[in-house]
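Enquirer: Please read through the structure below; I'll follow up with questions.
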Amino acid sequence: MRAVHPVAEVRAAEAAAMAALPPGALMARAASGLARRCAALLPAVYGARVVLLVGAGNNGADALWAGARLAARGARVDALLVGAGEPEALAAFAAAGGRSRPAGPAPAPDGPTPELLRRADLVVDGLVGIGGRGPLRPAAAALAGLLAAHRPAVVVAVDLPSGVDADTGAVGAVAVRADVTVTFGTHKPGLLVSPGAQYAGMVECVDIGLDPYLPVAHLAVLDAGDVAARLPTPVGEASKYTRGVLGVAAGSETYTGAAVLATGGALRTGAGMVRYAGTPHPAEQVRSRWPESVVTAAETGAEVVGVGRVQAWVVGPGLGTGDRAAGVVQAVLGQDVPVLVDADGLTVLARHGGWLTGRAAPTLLTPHAGEFARLMGCERADVEADRLTWARRAAAELGVTVLLKGTTTVVADPDGSVRINPTGTPWLATAGSGDVLSGACGALLAGGLSALDAGSCGAFLHGLAARLAGAGAAAVGTAAGAPGPAPPPVPITATDLLAAWSAAERAVRAPTGPDRRDG
């Protein structure tokens, strides 16, 4: 599991480490790791053209120290300074053969700066560090704009791309888009959550010795090993009842597909039994597509919850938002078992928030940004700009677990614990994919997982299945990596997700599965 820490905790850990270590040890470790990664990205260091974008803070100093190491190995390294530059680092850079000059407040489009960027084999972004907030200042923004217009072969960000908020992932009007971000000590939230994740590229964390000084992380990213360890596995005298019985209240006469897809997601994820309850037309569709499910035609909320004993419920996908749907949602939420609410169920719940009050059993809400905005009475754009803050706020205020869907799905618990899913892809933005996710997470709830584990493991498998469906078996090796890998090359459908689900589970459960990490 990858730990993620906000800036305040990183700063405190850095201060404690610096007090215990010789002067300059942390920066030397950071510069060494940065230089090694830059060297690995170049076909050859000797003769390579490297440009450093250097701000006045520690990131700029890290860039200069790393640049000095590259210059000493024969690279031509030019530093464009926004501000004075850290004197000791600047002196070491010059002594190694590096060349520096002020970038100026507004570099001319036809001047030497664009030419340097255009001809560079690699650009190192050290303009702004993790303490940066708000839009870039004019000189830094000008350089970031020129970098975008005259993009070199490779862009490496120091700790995080300039213009990305390290705590939230919010991105200003101008920001550096990196191919690789070399971050130090621990992962930062803004590197893993959209929109910042889309600017970070591949994220690599360099160990600089902060671990003894960092607190236990409340924010984390699961890897394949973490997911495999949490997935229910039948043992001994297992039966369909001990593996978990899930009730699914989804679909309507208008939206039959949601019922089929949610039921399929649950069955593919290993529910011992699925009891489907819905109106006649979707009930017949489910019976036809999934004969292994137990199907009951049910109209009212009382009829739905009367279909038999279950260990968890999924309610909402394709249900509609009228009086019948409201009655079903209310009846399901009245049951003393875990409940997942999705799609139309969330729209109903936005009008009846009091139905969550007093629930003792776990509740998992799975909104996209629009549904979330209706639920919380806020603007969708605000949610998308700061997904972490909003997901945490909703979980705390509503007393439920919130799975906020998106390219970087965020799962937040009421106690403040948050997990960020690393396998998401924009290709999941297709009709019905959320219904599959609901069924999958519901099956994990019925199998005994907590709402946090069910949501984060379900989202991981959902994203991995999407990547496999779109890219084939070759995606197994990269699909679970850090944010930034290329999305599947072909469009997928929700039905494709179901077809690829077993392959995703096999990849995760395999001892050498995708991105298997220790710790």
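The values are calculated or read from the model by the stated rules, or taken from the named source; none is laboratory data. Given the structure is predicted, the values throughout are model-derived calculations rather than measurements. Virtual Cβ from ideal backbone geometry, glycine too; neighbours counted across all protein chains shown. Calculation scope for accessible area: heavy atoms of the full protein, side chains included, ligands and nucleic acids excluded. Shrake-Rupley method; radii C 1.70, N 1.55, O 1.52, S 1.80 Å.
Enquirer: Report, by residue number, each residue of the stretch 398-410 that is polar (S, T, N, Q) and either open to solvent by 10 Å² or more (accessible area, probe 1.4 Å) or at pLDDT 95 or above (or both).
Expert: Of everything in the stretch 398-410, those that are polar (S, T, N, Q) and either open to solvent by 10 Å² or more (accessible area, probe 1.4 Å) or at pLDDT 95 or above (or both) turn out to be Thr401, Thr407, Thr409.
Enquirer: Can you name every one of the helices (runs of 4 or more DSSP H) wholly within the stretch 286-352 that holds 1 or more residues which are over 32 Å from the mean Cα position of the chain (by Cα) and more than 16 Å from Glu371 (Cα to Cα)?
Expert: Those helices (runs of 4 or more DSSP H) span 301-305, 323-333.
Enquirer: Give the stretch 75-117 a look and list any residue that's open to solvent by 70 Å² or more (accessible area, probe 1.4 Å), at pLDDT 90 or above and farther than 15 Å from Gly55 by Cα, or say none.
Expert: Of everything in the stretch 75-117, those that are open to solvent by 70 Å² or more (accessible area, probe 1.4 Å), at pLDDT 90 or above and farther than 15 Å from Gly55 by Cα turn out to be Arg76, Ala95, Arg99.
Enquirer: So, of the residues in the stretch 353-368 that are part of a loop (DSSP other than H, G, I, E, B) and under 25 Å from the mean Cα position of the chain (by Cα), which turns out to be farthest from Asp415 (Cα to Cα)?
Expert: Ranking the qualifying residues of the stretch 353-368, first place goes to His368.
Enquirer: Let me ask something else about it. From (1) in a strand (DSSP E or B); (2) more than 17 Å from Thr113 (Cα to Cα); (3) not charged (D, E, K, R), pick out the condition that doesn't hold for Ala79.
Expert: (2)
Enquirer: Provide a single number: the residues in the stretch 183-217 that are in contact with a Pro (Cβ under 9 Å, 6 or more places away or on another chain) and part of a loop (DSSP other than H, G, I, E, B).
Expert: 6
Enquirer: So which of Leu340, Leu356 ends up being modelled with pLDDT of 95 or more, under 28 Å from Ile420 (Cα atoms) and in contact with a Cys (Cβ under 6 Å, 6 or more places away or on another chain)?
Expert: Every option except Leu340 fails the conditions.
Enquirer: Return the only residue of Leu26, Leu70 being modelled with pLDDT under 95 and in a helix (DSSP H, G or I).
Expert: Leu26
Enquirer: State all residues of the stretch 447-470 that are within 23 Å of Val490 (Cα to Cα) and buried (at least 24 other Cβ atoms within 10 Å of the Cβ); if no residue qualifies, say none.
Expert: Those that are within 23 Å of Val490 (Cα to Cα) and buried (at least 24 other Cβ atoms within 10 Å of the Cβ): Gly458, Ala459, Phe460, Leu461, His462, Gly463, Leu464, Ala465, Ala466, Arg467, Leu468, Ala469.
Enquirer: Contact list please: Cβ distance under 6 Å, first residue in the stretch 389-403 and basic (Lys, Arg), second residue open to solvent by less than 10 Å² (accessible area, probe 1.4 Å) and not in a helix (DSSP H, G or I), pairs at least six apart or on different chains.
Expert: What qualifies is Arg392/Ala412.
Enquirer: Can you tell me how many residues within the stretch 220-238 are small (Gly, Ala, Ser), part of a loop (DSSP other than H, G, I, E, B) and open to solvent by less than 60 Å² (accessible area, probe 1.4 Å)?
Expert: Matching residues across the stretch 220-238 total 1.
Enquirer: Of everything in the stretch 365-385, what is under 17 Å from Thr321 (Cα atoms) and among the acidic types (Asp, Glu)? Give them in sequence order. Lay out the reasoning, then the answer.
Expert: Filtering the stretch 365-385 for residues under 17 Å from Thr321 (Cα atoms) gives 365-368, 370-375.
Glu371 - this is the single residue of the stretch 365-385 that is under 17 Å from Thr321 (Cα atoms) and among the acidic types (Asp, Glu).
Enquirer: Kindly indicate whether Ala297 is under 24 Å from Ala325 (Cα atoms), in contact with a helix residue (DSSP H, G or I) (Cβ under 9 Å, 6 or more places away or on another chain), without any contact (Cβ under 8 Å) to a residue 40 or more places away in the chain and open to solvent by less than 70 Å² (accessible area, probe 1.4 Å).
Expert: On the way: under 24 Å from Ala325 (Cα atoms): yes; in contact with a helix residue (DSSP H, G or I) (Cβ under 9 Å, 6 or more places away or on another chain): yes; without any contact (Cβ under 8 Å) to a residue 40 or more places away in the chain: yes; open to solvent by less than 70 Å² (accessible area, probe 1.4 Å): yes.
So Ala297 fits the description; yes.
Enquirer: With the checklist (1) over 30 Å from Pro212 (Cα atoms); (2) of a type in the set (Val, Ile, Thr); (3) at pLDDT 95 or above; (4) surrounded by fewer than 24 Cβ atoms within 10 Å (Cβ to Cβ) in hand, flag the one item Val171 doesn't pass.
Expert: (3)
Enquirer: For the stretch 300-323, what are the residues that are without any contact (Cβ under 8 Å) to a residue 60 or more places away in the chain and farther than 19 Å from Gly244 by Cβ?
Expert: Within the stretch 300-323, Thr300, Gly301, Ala302, Glu303, Gly306, Thr321, Gly322, Asp323 qualify.
Enquirer: Within the stretch 239-271, track down each residue that is assigned to a loop (DSSP other than H, G, I, E, B) and either β-branched (Val, Ile, Thr) or free of Cβ contacts under 8 Å to residues at least 12 places away in the same chain (or both).
Expert: Thr242, Thr254, Thr256, Thr269
Enquirer: Here's a follow-up. Out of everything in the stretch 1-26 that is aliphatic (A, V, I, L, M) and buried (at least 20 other Cβ atoms within 10 Å of the Cβ), what residue ends up being nearest to Ala71 (Cα to Cα)?
Expert: Result: Leu26.
Enquirer: Can you pull out the residues in the stretch 284-300 that are under 20 Å from Ala446 (Cβ atoms) and of a type outside the set (D, E, K, R)?
Expert: The answer is Val286, Trp290, Pro291, Ser293, Val294, Val295, Thr296, Ala298.
Enquirer: Residue by residue through the stretch 411-446, note down the ones that are open to solvent by 20 Å² or more (accessible area, probe 1.4 Å) and in a helix (DSSP H, G or I).
Expert: Pro426, Trp427, Leu428, Asp435 - these are the residues of the stretch 411-446 that are open to solvent by 20 Å² or more (accessible area, probe 1.4 Å) and in a helix (DSSP H, G or I).
Enquirer: Which condition number does Val154 fail, the rest of (1) of a type in the set (Val, Ile, Thr); (2) open to solvent by less than 20 Å² (accessible area, probe 1.4 Å); (3) more than 22 Å from the chain's Cα centre (by Cα) being met?
Expert: Unmet condition: (2).
Enquirer: Evaluate the following for Gly55: is it more than 28 Å from the chain's Cα centre (by Cα) and open to solvent by 40 Å² or more (accessible area, probe 1.4 Å)?
Expert: no
Enquirer: Further question on the same structure: Looking at Leu34, is it surrounded by 24 or more Cβ atoms within 10 Å (Cβ to Cβ), in contact with a helix residue (DSSP H, G or I) (Cβ under 8 Å, 6 or more places away or on another chain) and touching a residue at least 12 places away in the same chain (Cβ under 8 Å)?
Expert: yes
Enquirer: Looking at (1) open to solvent by less than 10 Å² (accessible area, probe 1.4 Å); (2) touching an Asp or Glu at 6+ places or on another chain (Cβ under 6 Å), can you tell me which one Leu261 breaks?
Expert: Single failed check for Leu261: (1).
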